Amino acid sequence: MTPVRVLAVASEVYPIVKTGGLADVAGALPLALKAHGVEMRTLMPGYPDVMRMLGGAGEIRRWPDYFGGPGRLLAGSHDGLDLFVLDVPHLYARPGNPYVTAEGVDWPDNGLRFAALSRIAADIGHGLVPAFVPDVVHAHDWQAGLAPAYLHYDNRPRPGTVMTIHNMAYQGKFAPELIGSIGLPWDSFNVHGLEYFGGISFLKAGLQLADRITTVSPTYAQEIQSDEGGMGLGGLLRQRADVLSGILNGIDTDVWNPQTDPHIAYRFGAEDLTFRAANKAVLQQQFNLDSSYEAPLLGVISRLSWQKGLDLLLEAIPTILGDGMQLALLGSGDRDLQDRYQAVARANPGRIGVVIGYDEILAHLIQAGSDALIVPSRFEPCGLTQLYALRYGAVPIVSRVGGLEDTVVDIGEASTSDRAATGFKFAPVTVEALTGTLRKANTAFHNKATWRRLQLSGLATDVSWRNRAGDYAVLYRDLVAARRT
Ligand code: ADP
Ligand code: GLC
């Protein structure tokens, strides 16, 4: 197997900086690819947390003026990940969330910040670091979308390029004037380049100019070719359907392992699922819920945004209460949803527990202690929390969209499928369908044998990166071979 060198470009990487699933993927995929002969290094911005954690990183290059201020390229490693870090303090040395201010609005110079990241990715692609000249540059989401564009417009021999869509809803749209300050030629401002409804879009540029496009589940790969799912880019994706594919995400089964997880109260495996009860009791305490083994405990771990459909779950609260279920929700995001969930929790002590915030440790306990995990998304490119749930014996209750459709086998589907049922899926994404499914799950929960079967089938599902990483390896190799001929 000839080794392939791939430069991944990502704006967040677990365990260094994380706001969502992109970080989990960017942090786990390089490790899984090693077994497939792919040497991956990941380029990320030097946010304060990155600089702190990569104290020992070595300087490779230094510029007195990189996009308006001093900059450096560093190389280092962390937790088995080989990283390039673009340290440009005037762009990245800002505390908190990587994309937004403390008030929750986008940094006004995000265009410049992520153009800078893509520019250096293209330069590494051209051989800036002789010790690591990539065969492929793999750009994740809009923040890396200009990497294929720079490589294209540089008009020099270049590596292959892959653009992965983790979420069509974030497209990196800016005013066209930005082109003048990021070192791209003005002739890139056209329908075959960066231009998008009179402005520019980093994601559109990547989708237009990358050699291959992937997204994170086969069903989402279909959905985004429609006008609705494509969110303005469906036509482009239909045109490029021959280079578009869906590769399902996996999860890091070491970080998420109920047998060794340091963040849960009691560790367990498939043989001793009864220990979940002890985690449930601790979870109930932490969310101020009544301690009851018999009440089905529903868990949610999510960003609170329109995508995730959690406004629908709010409307299902009467069903949850009326049918004797409990809810433990951990989330942060939209102010309005945060406020409404907090109000519901105040009004229903002992029955509805809400923690607003981002808490990686609590997320593990919810997976280990809740009976079911709810993901009622309006759209979901892949979704990772339902995969963690399968691995922890929390039965997923999900909407029938995107990666949720691909990763959960509905209880009614098992008879027509060669896969055993692992959870519940509902469609359309409405309050009625959701409440009906919650009731069905409640009934199933009280049938101990049925529930145990669902849990065991979930635990037996392969949610690891092992096979999925192989699909990326094949993609990279095919691309390298195609560019040689
Ligand atoms: P998305 O990337 O759209 O947010 P995913 O399901 O792919 O959705 O990934 C979300 C990741 O972020 C998971 O690892 C999940 O556990 C984590 N997560 C989301 N919200 C929180 C939170 N409030 N606290 C802790 N972890 C969270
Ligand atoms: C995005 C999507 C989510 C996906 C994650 C990782 O944030 O919303 O569905 O699992 O990226 O690919």
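The values are calculated or read from the model by the stated rules, or taken from the named source; none is laboratory data. Predicted model, so just to flag it, every value in this text is computed and none were measured. Reconstructed Cβ throughout: ideal geometry from the backbone, glycine too, with neighbour counts over all protein chains shown. Surface areas here come from the heavy atoms of the whole protein model, side chains and all, with no ligands, DNA or RNA. Shrake-Rupley method; radii C 1.70, N 1.55, O 1.52, S 1.80 Å.
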Please give the helix 431-445 orientation as an angle from the longest Cα principal axis of the chain, in degrees from 0 to 90, rounded to the nearest 10. 60 degrees
Longest principal axis of the chain (C-alpha) makes with the long axis of helix 335-347 (C-alpha) an angle, in degrees to the nearest 10, of 20 degrees
Kirkwood hydrodynamic radius of the stretch 1-140, from inverse mean 1/r over distinct Cα pairs, in Å: 15.2 Å
If amide H atoms are built 1.01 Å from N in the plane of the peptide, which residues on other chains or at least 5 residues away come under 5 Å of the amide H of residue 375? 397, 398, 399
Pop out the ³J(HN,Hα) list for the stretch 309-318 in order, Karplus 6.51 cos²θ - 1.76 cosθ + 1.60 with θ = phi - 60°, rounded to Hz; leave Gly and Pro as x. x, 7, 5, 5, 5, 4, 6, 8, 4, x
Residue-count net charge about residue 95 - beta-carbon cut-off 14 Å; Lys, Arg +1, Asp, Glu -1: 0
Suppose accessible area is computed on protein heavy atoms with a 1.4 Å probe; arrange 94, 62 from highest to lowest. 62, 94
Which residues' amide hydrogens lie under 5 Å from the amide hydrogen of residue 353, considering only partners 5 or more residues apart or on another chain, with H built in the peptide plane? 327, 328, 329
Putting +1 on Lys and Arg Cβ atoms and -1 on Asp and Glu Cβ atoms, find which of 319, 373, 362 reaches farthest to the positive end of the dipole of the stretch 274-399. 362
Taking 7 Å along the Cα-to-C-beta vector as the label spot, tell me the residue 452-residue 343 distance in nanometres, rounded to one decimal. 4.4 nm
With labels modelled as points extended 7 Å from the Cα through the Cβ direction, what inter-label distance (nm, one decimal) is found for residue 431 paired with residue 274? 4.2 nm
Just need the relative contact order of the chain here, percent rounded to a whole number, with Cα pairs under 8 Å and 6+ apart. 12 percent
Net charge dipole size for the stretch 81-168 [Lys, Arg +1 and Asp, Glu -1 on Cβ; Debye, nearest 20]: 180 debye
Please work out whether the stretch 295-400 counts as rounded, prolate or oblate from its C-alpha gyration tensor, where a ≥ b ≥ c are the square roots of the eigenvalues and a/c under 1.5 means rounded, while otherwise a/b larger than b/c means prolate and anything else oblate? rounded
Compute the length gained on full extension between residue 106 and residue 478: take 0.36 nm times their separation in residues and subtract their Cα-Cα distance, giving the result in nm to one decimal. 130.2 nm
Ordered by residue, what ³J(HN,Hα) values in Hz, to whole numbers, does the stretch 71-82 give under the Karplus form 6.51 cos²θ - 1.76 cosθ + 1.60, where θ = phi - 60° and Gly and Pro are x? x, 9, 10, 10, 10, x, 9, 8, 6, x, 9, 8
Got a sec? Charge dipole of the chain, +1 on Cβ for Lys and Arg, -1 for Asp and Glu; which of 393, 108, 127 is way out at the positive end? 127
Once both axes come from the Cα atoms, what is the angle between helix 276-286 and the longest principal axis of the chain, in degrees from 0 to 90, rounded to 10? 80 degrees
Within the chain: Cβ-based charge dipole about Cα centre, in debye rounded to nearest 20 (Lys, Arg +1; Asp, Glu -1): 500 debye
With x for Gly and Pro, the residue-by-residue ³J(HN,Hα) of the stretch 156-168, computed from phi through the Karplus equation 6.51 cos²θ - 1.76 cosθ + 1.60 at θ = phi - 60° and given in whole Hz, is 10, x, 9, x, x, 10, 10, 10, 10, 9, 9, 6, 5
Accessible area of residue 432 in the full protein assembly, 1.4 Å probe (Å², nearest 10): 130 Å²
For the chain, with the dipole built from +1 on Lys and Arg beta-carbon atoms and -1 on Asp and Glu ones, taken about the Cα centre, which of 414, 172, 70 lies farthest toward the positive end? 414
Report the Cα centroid-to-centroid distance between the stretch 24-98 and the stretch 278-307 in angstrom, as an integer. 36 Å
Run lengths n ≥ 4 of DSSP H only: what is the helix-derived mean residue ellipticity at 222 nm for the chain, with -39500 (n - 2.57) per run over all residues, to the nearest 500? -10500 deg cm²/dmol
For the residue pair residue 335 and residue 242, what label-to-label distance in nm results when each label sits 7 Å from Cα along the Cα-to-beta-carbon direction? 5.0 nm
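Counting DSSP beta bridges with both partners in the chain, what percentage is antiparallel, nearest 5?
25 percent
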